[in-house]
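Enquirer: Let me give you the structure first, and then I'll get to my questions.
The values are calculated or read from the model by the stated rules, or taken from the named source; none is laboratory data. What you are looking at is a predicted structure, and each value in this text was computed from that prediction instead of being measured. Here the Cβ positions follow ideal geometry from the backbone for every residue, glycine too, while neighbour counts run over all protein chains shown. Calculation scope for accessible area: heavy atoms of the full protein, side chains included, ligands and nucleic acids excluded. Shrake-Rupley method; radii C 1.70, N 1.55, O 1.52, S 1.80 Å.
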Amino acid sequence: MSQIQLKKREHWSSTLLFVFATAGSAVGLGNIWKFPYIMGENGGAAFVLVYLISILVIALPIMIAEIMLGRRGQANPVSAVGNLVAESKASGLWRIIGWMGLFTGLIILSYYSVVAGWILAFEWRALFGGLANIPVDEAGQKFDLLIAAPKEMLLWHSIFMGLCVLVVARGVKRGIELAAKLLMPALLFMLFGLMIYGMKYAAFDQAWQFMFDFDLNKITLPVVVTAVGHAFFTLSLGMGAVMVYGSYLNKSTSLLQVSIWVIIADTVIAIVAGLVIFPLVFQMNLEPAQGPGLIFVTLPQAFAQMSGGAVWGAIFFTLLLCAAWTSAISILEPIVAWATERFAWSRVKAAVLIGLLIWLLGIVTVFSFNDWAFSFEFLGAQKNSGWFDIFDLLTSSILLPLGGILIALFAGWVMKDSARREELAMSDGLYCIWRFLVRYVSPIAVSIVLFYQLLVPLFD
Ligand code: PHE
């Protein structure tokens, strides 16, 4: 079937390790600094309900489709789609799915690595003093000082990219799988440990209320759009990460089952992250927030006041590092897999060269917070860090949903029915539901989200 005859691919040692690695890709900064906050702000348990429904009808079918393209195509995203195009005698234009994915990954990793560098910087401060027993104001200023210091940011960005290259250069089993096997259990252990520790705070109840208060009135169209938009980023969909992981998966594994496990892990971890963070925030009378501000300004202000703040901080930033690291390697892998298969480069060579390219691009983000900063207004919101905001908007609001739509359409309309049935090996009923969802529901719903995000605010 292969258009390009590829040498035998490495495979995961077990289905469980595939789930670990894919959950590692999914669980990242998005789960920790975004989900708990949007959940708290947008109707609590009612939001979870909407989120789960939108995941079930939109994200789950696309996740199954994306893993399927990888496993059927048996190659990096560009060649995998190419192989399927040949198999289905479809237009070569569909390869855009692969190319766009590689491009999206390049951009996402370039800023993700700078942000992960901030985690290293704060880890350093937590470990070697400078985070606990200081005035609250001073703790709040640490972040501003950091982003005003491009040289320091560059140092941590370089170290983080080095860590990613190290893992990916070692290949699937000895690299990605090993990292997932070590880092995911460590992450879970730290996360649940911190949550149990946080239960002793009186504000745990307040945090619980903030997150779970069931308020259906808050469920409006913009909230649903937020839920669907977030689902793509948090589940790593639409850019070939899940696809390339799928290409290392055994033929006998049930794609429905593994996808459900990944989604459960991603959602549970995001909720628990909120139960770790918000008790502290409320206990110290701080305001809940989201994004970098929550992790690098609000939390350090809490660490500064609490007893054992340095230890808590060190554990928390280690946890965050595990989450960011396993996500980042999944963003690097599709591009490295492509380079090794396209140019017959060794893994080490491909990982180092691509890593270098992304590192270079990351410099734009480093300077976007200081020397090259400019502000602009986008959809009514003031953006103050120029390129960083542009990269983030371009990828999470446009390219990932667009990639998702194309993947759904390709899997639903272009692939041969026999090929799909063989890959999915589902009962007839389930198969028909899945096909209906990827053919109609997911592409239409995601298109609405895409247009809503881009166009509606213009008319506000
Ligand atoms: N899912 C990761 C997160 O939540 C980010 C990511 C996006 C990883 C796209 C891979 C691909 O932070």
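Enquirer: In the stretch 142-259, which helices (runs of 4 or more DSSP H) lie fully inside it and hold 3 or more residues that are within 22 Å of the chain's Cα centre (by Cα) and not hydrophobic (A, V, I, L, M, F, W, C)? If you could, list the steps in order and put the result at the bottom.
Expert: On the way: elements: 150-169, 178-198, 204-212, 221-234, 241-246.
Here the list reads 150-169, 221-234.
Enquirer: Right, here's the next one. Would you mind finding the one in Met153, Met190 that is open to solvent by less than 10 Å² (accessible area, probe 1.4 Å) and under 19 Å from Phe317 (Cα atoms)?
Expert: Values: Met190 fails: open to solvent by less than 10 Å² (accessible area, probe 1.4 Å).
None of the other options fit; the residue is Met153.
Enquirer: Just checking, how many residues over the stretch 22-62 are within 12 Å of the ligand (Cβ to nearest atom), in a helix (DSSP H, G or I) and either surrounded by fewer than 24 Cβ atoms within 10 Å (Cβ to Cβ) or of a type outside the set (Val, Ile, Thr) (or both)?
Expert: At the first step, the residues of the stretch 22-62 found to be within 12 Å of the ligand (Cβ to nearest atom) are 22-35, 59.
Those left that are additionally in a helix (DSSP H, G or I): 22-26, 29-35, 59.
Within this subset, residues satisfying the condition of being either surrounded by fewer than 24 Cβ atoms within 10 Å (Cβ to Cβ) or of a type outside the set (Val, Ile, Thr) (or both) are 23-26, 29-31, 33-35, 59.
Within the stretch 22-62, residues that are within 12 Å of the ligand (Cβ to nearest atom), in a helix (DSSP H, G or I) and either surrounded by fewer than 24 Cβ atoms within 10 Å (Cβ to Cβ) or of a type outside the set (Val, Ile, Thr) (or both) number 11.
Enquirer: Could you please let me know if Pro77 is open to solvent by less than 10 Å² (accessible area, probe 1.4 Å), modelled with pLDDT of 90 or more and away from the ligand (no atom under 16 Å from the Cβ)? Talk me through it step by step, then tell me what you get.
Expert: Details: open to solvent by less than 10 Å² (accessible area, probe 1.4 Å): yes; modelled with pLDDT of 90 or more: yes; away from the ligand (no atom under 16 Å from the Cβ): no.
In short, no.
Enquirer: Continuing with the same structure: If you go through the stretch 336-379 one residue at a time, how many are among the acidic types (Asp, Glu) and open to solvent by 70 Å² or more (accessible area, probe 1.4 Å)? Before the answer, list the steps.
Expert: Here is the first cut: in the stretch 336-379, the residues among the acidic types (Asp, Glu) are 341, 371, 377.
Pick out the ones that are also open to solvent by 70 Å² or more (accessible area, probe 1.4 Å) and you get 371, 377.
So the count comes out to 2.
Enquirer: Among the numbered conditions (1) open to solvent by less than 10 Å² (accessible area, probe 1.4 Å); (2) over 24 Å from Ala180 (Cβ atoms); (3) among the small types (Gly, Ala, Ser), tell me where Ser397 comes up short.
Expert: (1)
Enquirer: Kindly evaluate Leu393 against the criterion of being out of contact with any strand residue (DSSP E or B) (no Cβ under 8 Å at 6 or more places or on another chain) and on the phi < 0 side of the Ramachandran plot.
Expert: Working: out of contact with any strand residue (DSSP E or B) (no Cβ under 8 Å at 6 or more places or on another chain): no; on the phi < 0 side of the Ramachandran plot: yes.
Here the answer is no, as Leu393 does not meet what is asked.
Enquirer: Follow-up. I'd like the residue in the stretch 314-332 that is crowded, with 24+ Cβ neighbours inside 10 Å and of a type outside the set (A, V, I, L, M, F, W, C) and, out of all such residues, is farthest from the ligand (Cβ to nearest atom).
Expert: Thr326
Enquirer: Could you grab the pairs with beta carbons closer than 7 Å, sequence gap of 6+ or different chains, first residue in the stretch 230-247 and closer than 11 Å to Gly73 by Cβ and of a type in the set (Val, Ile, Thr), second one more than 10 Å from the ligand (Cβ to nearest atom) and in a loop (DSSP other than H, G, I, E, B)?
Expert: Val244/Asn76
Enquirer: Please work out which residue is nearest to Ile329 (Cα to Cα), limiting yourself to the stretch 237-273 and to residues that are within 16 Å of the ligand (Cβ to nearest atom) and open to solvent by 20 Å² or more (accessible area, probe 1.4 Å).
Expert: Ala265
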